[in-house]
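K.L.:
One structure follows; several queries about it will come next.
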Amino acid sequence: MEVGVKCGIQSYDHDAVPKQDVDIKDNDSSSEHKLKDISDESSNCKNTHLQIIRSVCVSCAYMVLGWTKGQIGPAFLDILMISGANLEKGSVFMTSLYAGQLIGSLLSGFAFAKMNKFLLFAFTLALYSLTVAAIPWCFLYELMVAAFAFLGVCGGIIVVAVGSEVVDIWGPTPRGRSYLMVNSVAAGIASVVAPLVTAPFLQKQPNYNSACTYNISWNSTSSTPTLYSYINRTIQSRLNDMELSIGNSTLKTESDSKLYIAYTISAVLGLLTAVLFFVLFCQPGPVNEQKQNSGKLEFIGKRSILVKRLQLFNIGVFGLTQSAIDFTFAGYLAVFCINYLGWTKTLGATVTSVAFFARLTGTFSGIFLVRYFPSHQLLVISTIASTVGFIGLTISAHAYADVGIWISVGAIGFPFGLMWPSLINWININLIPFRNQISGSLSSCAYLGALLVPLLIGYMMAEVSLLWFCYLCCSMSVVLVINALLMLLYTGPSVKKQ
């Protein structure tokens with residue numbers, strides 16, 4: 001008989017049912033069983049509360065990553081101006097960021113073995129936040145490259161930690177599958193809000209005056225702090241080398257960039273999240289136990305080992321390609337719309353926010369869709385839908401159809417919100433348990449793609465045509481469709497709903 005359902009956990013114990021023909025000894029035994037059941041339920045309640053607390057903290061950490069990711073696109077032109085780089089040289093910032101994340105993913109295994117996971121979260125988030133705060137002050141090009149690289153190292157460690165922790169908290173249960181989507185929703189909310197918060201602090205749209213060449217200058221008499229204005233004046237001579245594809249015009253901006261305010265807000269959010277994990281680390285008892293995913297990694301299912309290894313390679317290609325599209329699309333969308341379509345910076349920040357909002361909507365819907373559709377079906381549908389969106393974006397760009405751009409961005413963002421959580425869920429249930437080793441390997445593949453593609457896209461946009469932003473994204477999206485179809489074939493049509 002069911003004793004009760006408390007804290008979302010069911011408990012069954014037939015021995016707890018009293019019989020009518022029992023003596024006093026049996027009654028005493030029954031009382032002991034009841035006390036044991038109450039104790040077990042209380043313990044389960046505490047464990048569930050701990051799981052909820054861990055879930056909130058991990059989601060906050062993922063929100064910090066989503067927030068800073070959402071800032072990169074709208075702030076990219078200001079970062080170029082601060083460091084005195086053109087678009088091609090600025091692509092090195094993105095490359096150094098993802099190179100750092102690749103290194104961080106590889107180092108995460110060593111970090112997990114040497115540190116308590118809550119302390120690791122707290123320490124890495126603190127370093128990540130301080131680096132974010134320093135970026136707007138890196139007026140030397142080489143210093144900006146180093147700052148992005150170190151930011152990437154910290155971010156790579158956090159991503160691997162989050163990846164293994166979100167699976168470890170709830171396991172391969174319906175609640176666990178929904179939490180994968182909830183965690184992505186948290187990051188999506190931050191990604192939507194971040195561009196809107198950043199936009200007011202960007203350098204104002206320049207005035208255009210006809211000339212054969214153009215320079216970029218700042219009005220040092222604005223209300224920004226003296227130190228920041230001094231730095232801007234110091235690097236002003238370097239800004240003459242900038243070659244943004246805006247046309248033959250002289251740019252005279254109306255005020256200094258206030259990007260440091262937006263990035264200080266981001267740093268404060270990161271430090272507050274680090275405090276949450278430090279509090280968890282200081283708590284005594286089970287909350288502070290070092291419970292990492294351990295044990296021998298073994299493939300799931302009865303297929304041949306060769307097929308399983310090929311499928312593991314396939315998901316590595318999927319992770320590489322999906323992240324390459326994801327990171328570069330978010331980072332270069334605003335630049336493409338401003339330089340090719342002639343949009344304002346405010347519109348560029350807004351369209352980036354729309355892309356993240358569409359992604360957020362897709363991830364939120366995934367919280368419920370995972371209860372009715374298996375992950376391999378969601379992967380196939382989402383990859384096909386995103387490919388259609390990129391085709392629409394390319395056609396709209398050729399026709400300079402602003403309405404088509406907005407619709408296509410939404411059509412791309414919605415399915416992207418389903419891809420990564422569905423991939424993690426599919427791996428954990430159909431291929432191999434998603435532990436720290438697998439999380440680190442998948443993240444390494446992901447950041448390898450994000451490392452290589454920004455250089456290619458930056459070069460093609462600067463040297464050939466800005467439309468190569470659309471062409472390359474379309475090509476990589478087709479690769480995702482092929483990967484998802486291979487996962488569908490591997491799973492087989494007879495698999496029941498997860």
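K.L.:
Cβ contacts < 7 Å: first residue within 17 Å of Ala190 (Cβ to Cβ) and assigned to a helix (DSSP H, G or I), restricted to segment 266-283; second residue open to solvent by 70 Å² or more (accessible area, probe 1.4 Å) and not basic (Lys, Arg), any location; separation 6+ or different chain. Result?
P.N.:
If the second residue must be open to solvent by 70 Å² or more (accessible area, probe 1.4 Å) and not basic (Lys, Arg), the pairs left are Ala267/Leu130.
K.L.:
Another one. Looking at (1) closer than 19 Å to Ala186 by Cβ; (2) assigned to a loop (DSSP other than H, G, I, E, B), which one does Gly366 not meet, given that it meets all the others?
P.N.:
(2)
K.L.:
Can you say whether Ala85 is within 19 Å of the chain's Cα centre (by Cα), aliphatic (A, V, I, L, M) and open to solvent by less than 30 Å² (accessible area, probe 1.4 Å), as far as the supplied structure shows?
P.N.:
For Ala85, the condition - within 19 Å of the chain's Cα centre (by Cα), aliphatic (A, V, I, L, M) and open to solvent by less than 30 Å² (accessible area, probe 1.4 Å) - is not met.
K.L.:
Another one. In contact (Cβ under 8 Å) with a residue 12 or more places away in the chain and under 18 Å from the mean Cα position of the chain (by Cα), is that true of Val481?
P.N.:
no
K.L.:
Let me ask something else. Using the structure shown, decide if Leu180 is at pLDDT 50 or above and over 30 Å from Ala122 (Cβ atoms).
P.N.:
For Leu180, the condition - at pLDDT 50 or above and over 30 Å from Ala122 (Cβ atoms) - is not met.
K.L.:
In the set Ile325, Ile300, Ile338, which member is assigned to a loop (DSSP other than H, G, I, E, B), β-branched (Val, Ile, Thr) and modelled with pLDDT of 85 or more?
P.N.:
None of the other options fit; the residue is Ile300.
K.L.:
Here's a follow-up. Kindly check whether there is at least one residue in segment 158-167 that is modelled with pLDDT of 85 or more and not in a helix (DSSP H, G or I).
P.N.:
No, segment 158-167 contains no residue that is modelled with pLDDT of 85 or more and not in a helix (DSSP H, G or I).
K.L.:
Please go through segment 88-98 and pick out each residue that is modelled with pLDDT under 85 and either crowded, with 22+ Cβ neighbours inside 10 Å or among the hydroxyl-bearing types (Ser, Thr, Tyr) (or both).
P.N.:
Selection gives Gly90, Ser91, Met94, Thr95, Tyr98.
K.L.:
Which residues, counting only those in segment 132-150, are in a helix (DSSP H, G or I), in contact with a helix residue (DSSP H, G or I) (Cβ under 7 Å, 6 or more places away or on another chain) and open to solvent by 10 Å² or more (accessible area, probe 1.4 Å)?
P.N.:
Within segment 132-150, Ala133, Ala134, Trp137, Tyr141, Val145, Ala147, Ala149, Phe150 qualify.
The values are calculated or read from the model by the stated rules, or taken from the named source; none is laboratory data. Keep in mind it's a predicted model, so treat the numbers as computed, not measured. Neighbour counts run over all protein chains shown; Cβ positions are idealised from the backbone, glycine included. These accessible areas exclude ligands, DNA and RNA; they are computed on the full protein's heavy atoms, side chains included. Shrake-Rupley method; radii C 1.70, N 1.55, O 1.52, S 1.80 Å.
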